[in-house]
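Below: the structure, in structure tokens.
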Amino acid sequence: MEFIKKNYHYLLFLSSIFFLGNPSKFPADDGFFYPQIAYNIIHYSFMGFNDLYLTNGFHPLWMFFCVLAELINPFDKFFVLNIIWIFQVLLIFFGFILLEKTIFKENKTGKILSLAFYCLMFFGLGTLYLIEAHLTFFTFALLIFYISKRLTNDFLFGFICSLVFLARLDHIFVVLPFGFLYWHYRKWNLKSLGIILIGFSVLSVPYIGSNYYYFDAAVPISGRIKSTFPLIQPYIKFDLFPKLFALCGVLYFVFLILDKKNPFRAIKISFLLGSFLHLIYNLIFQSEIGQWYFVSQMFFCGMFIYDVMRVLENSILKKIAFDRIVFLGAMIFVCGIAWLKLTTSFSLQNNVFASYSKLEKKSNDLVMKTAQEFERNIPKRSRIFVYDFPGKFAFYSGFNVIPADGLVANKDYFNDMKPGNFRNFLIKNKIEYLIFPTHFLVRAKEQSFLAVRVNNLTDDYTFSLRNTLKRTTIDSLKESELNKIKSYPNPIKTWQSGYDSISVYKLK
């Protein structure tokens with residue numbers, strides 16, 4: 001009973017249970033890249049999203065967990081999502097335990113609210129399921145635990161830093177300030193630095209070397225496509241969430257500067273600085289940013305919540321069982337959001353903080369439903385070229401899906417995408433079917449997607465194809481050059497409300 005009284009805040013993890021009600025409905029499409037590739041690795045001995053291209057378009061440490069999940073999966077393909085869910089819940093659970101042993105050690109109300117925030121972000125909203133975000137959270141917590149305990153095994157510290165890096169490569173920006181802080185604790189000893197670098201290199205160097213050997217670049221193909229480094233993006237999108245995280249970061253930095261008695265102050269400032277470097281890099285050099293790009297910012301927001309409550313809470317609030325009242329409210333709120341996600345088209349970006357789509361009651365995921373309907377008209381294992389949502393479409397069908405953006409392809413895909421050669425590319429690779437957006441609400445010269453642009457000024461649509469690695473338009477097809485097989489209602493209307501349907505085509 002005493003254990004339950006001290007740890008009842010862990011009941012907030014019940015908010016993750018809603019995922020099991022309908023796994024397809026929660027994650028972003030990108031999350032399905034991982035179980036699809038893991039499935040092909042285990043069942044076809046091929047590290048590819050489809051049967052055409054070997055790929056490194058993923059973060060390697062999380063792929064290890066997904067391959068493990070598929071390896072131990074005793075049931076059908078779809079059951080692996082439940083195993084991955086268990087992994088992700090455990091990663092947040094053990095990560096938070098590490099934080100409780102260090103920076104979240106003192107204040108009960110702070111623990112409740114910070115854990116409620118993390119459960120909301122990683123479970124309730126649902127977008128981060130199947131993505132590397134939960135693993136990244138754990139590696140951050142492990143790094144903070146190690147440095148907070150002032151442990152001095154230089155090799156182990158370097159190895160832990162490599163886990164943060166391999167969980168998500170751009171979190172090298174978070175690692176760097178911690179490296180300097182730890183080296184400062186080690187009194188700038190050069191031998192210590194050398195051992196740290198060896199520990200970091202044990203996993204990182206083989207990974208980078210294999211990328212060079214097989215893919216001609218140190219970073220994954222997805223990173224090369226989305227990053228414009230060293231060139232600054234022509235249009236920097238400083239949207240709502242980056243603004244909120246930047247504001248919270250500035251406020252937290254001022255808070256830490258003024259709160260000179262704050263426990264582990266240097267560690268928190270180091271993490272905050274690394275997270276700011278990460279945010280700035282993403283804003284300036286990254287395109288097509290998703291919520292999983294902001295995990296380091298979510299992490300420090302949880303720390304900020306804890307520290308504010310630690311300062312505000314006083315003996316009067318303790319006497320009226322303030323922490324239990326806060327827990328009850330947090331539990332209702334976080335589980336309520338998860339229930340909305342399960343039963344409706346709930347989306348923070350599209351129908352809460354914006355009006356791009358309506359909040360509607362929806363019990364099923366339309367991409368999954370549409371993918372399974374396709375199987376009635378198209379032979380299994382067919383190769384299909386798609387403009388968007390390839391993750392769910394591939395995972396929930398038996399098709400070989402070739403995403404137009406090439407995020408899970410390799411250099412051969414982009415070499416094949418030569419100017420004026422798209423029709424030959426399809427014929428050569430036996431890609432029989434194409435899926436494009438149709439029935440746009442507004443006539444425009446250009447409706448843009450990452451790799452496809454649609455001109456619908458006339459009834460004979462023109463689909464222009466882009467090489468996303470070289471950032472050039474390579475070819476186009478008119479709708480009159482294609483045989484339309486069937487149109488379906490737009491299954492991602494919640495996120496892309498500008499068109500009403502998608503259509504399946506075949507070359508004439």
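The values are calculated or read from the model by the stated rules, or taken from the named source; none is laboratory data. Predicted model, so just to flag it, every value in this text is computed and none were measured. Neighbour counts run over all protein chains shown; Cβ positions are idealised from the backbone, glycine included. With ligands, DNA and RNA removed, areas are computed over all heavy atoms of the protein, side chains included. Shrake-Rupley method; radii C 1.70, N 1.55, O 1.52, S 1.80 Å.
Here are a few things to note about the model shown:
- Members of the stretch 49-83 found to be in contact with a Leu (Cβ under 6 Å, 6 or more places away or on another chain) and either among the aliphatic types (A, V, I, L, M) or assigned by the TED database to the domain that holds ASN400 (or both), listed by number: LEU61
- Hits in the stretch 341-359 - residues which are in a helix (DSSP H, G or I) and touching a residue at least 12 places away in the same chain (Cβ under 8 Å): LYS341, LEU342, THR343, LEU348, GLN349, ASN350, ASN351
- Options LEU197, LEU176; residue that is over 28 Å from PHE122 (Cβ atoms), assigned to a helix (DSSP H, G or I) and in contact with a Gly (Cβ under 8 Å, 6 or more places away or on another chain): LEU197
- Any hit, the stretch 222-233, residues being polar (S, T, N, Q), in a helix (DSSP H, G or I) and modelled with pLDDT of 95 or more: no
- Only residues that are part of a strand (DSSP E or B), of a type in the set (S, T, N, Q) and crowded, with 16+ Cβ neighbours inside 10 Å were counted in the stretch 477-497, giving 0.
- Residue in the stretch 236-247 that is touching a residue at least 40 places away in the same chain (Cβ under 8 Å), touching a Lys or Arg at 6+ places or on another chain (Cβ under 9 Å), surrounded by fewer than 16 Cβ atoms within 10 Å (Cβ to Cβ) and part of a loop (DSSP other than H, G, I, E, B) present: no
- For the stretch 198-220, filtering for residues that are closer than 17 Å to HIS171 by Cα and either of a type in the set (A, V, I, L, M, F, W, C) or not assigned by the TED database to the domain that holds ASN282 (or both) leaves 6.
- Selection count, the stretch 54-86, where residues are under 18 Å from the mean Cα position of the chain (by Cα) and under 20 Å from VAL219 (Cβ atoms): 11
- Test for ARG376: is it outside any loop (DSSP other than H, G, I, E, B), more than 15 Å from LYS493 (Cβ to Cβ), free of Cβ contacts under 8 Å to residues at least 24 places away in the same chain and in the same structural domain as GLY498 (by the TED database): no
- GLY126 fulfils the conditions (1) at positive phi; (2) at pLDDT 95 or above except for a single criterion, (2).
- Residues that are under 24 Å from PHE264 (Cβ atoms) and in contact with a Ser or Thr (Cβ under 7 Å, 6 or more places away or on another chain), drawn from the stretch 166-182: ALA167, ARG168, HIS171, VAL174, PRO177, PHE178, LEU181
- Of the listed requirements (1) of a type in the set (Val, Ile, Thr); (2) under 24 Å from VAL89 (Cβ atoms); (3) surrounded by 21 or more Cβ atoms within 10 Å (Cβ to Cβ), THR55 misses just one: (2).
- Residue match in the stretch 313-329 (condition: of a type in the set (A, V, I, L, M) and modelled with pLDDT of 90 or more): yes
- Output for the stretch 438-465, where each listed residue is among the aliphatic types (A, V, I, L, M) and either crowded, with 18+ Cβ neighbours inside 10 Å or in contact with a Pro (Cβ under 8 Å, 6 or more places away or on another chain) (or both): LEU450, ALA451, VAL452, VAL454, LEU465
- Residue match in the stretch 150-158 (condition: touching a Ser or Thr at 6+ places or on another chain (Cβ under 8 Å) and farther than 30 Å from PHE49 by Cα): yes
- Filtering the stretch 179-193 to residues that are in a helix (DSSP H, G or I), open to solvent by 30 Å² or more (accessible area, probe 1.4 Å) and without any contact (Cβ under 8 Å) to a residue 40 or more places away in the chain leaves TRP183, HIS184, TYR185, LEU190, LYS191, LEU193.
- Residue in the stretch 465-478 that is outside the structural domain of ALA217 (by the TED database), at pLDDT 90 or above and under 25 Å from GLU373 (Cα atoms) present: no
- Among the residues of the stretch 300-311, not a single one is among the hydrophobic types (A, V, I, L, M, F, W, C), closer than 22 Å to SER15 by Cα, in contact with a Pro (Cβ under 9 Å, 6 or more places away or on another chain) and open to solvent by less than 30 Å² (accessible area, probe 1.4 Å).
- Residues satisfying the stated conditions in the stretch 408-435, i.e. open to solvent by less than 50 Å² (accessible area, probe 1.4 Å), among the hydrophobic types (A, V, I, L, M, F, W, C) and either over 20 Å from ALA371 (Cα atoms) or over 24 Å from the mean Cα position of the chain (by Cα) (or both): ALA409, PHE414, MET417, PHE422, PHE425, LEU426, ILE431, LEU434, ILE435
- Of everything in the stretch 127-173 that is of a type in the set (S, T, N, Q) and in contact with a Gly (Cβ under 9 Å, 6 or more places away or on another chain), the residue that is most open to solvent (accessible area, probe 1.4 Å) is ASN153.
- Positions within the stretch 375-407 being at pLDDT below 90, of a type in the set (Lys, Arg) and either on the phi > 0 side of the Ramachandran plot or open to solvent by less than 20 Å² (accessible area, probe 1.4 Å) (or both), in sequence order: ARG381
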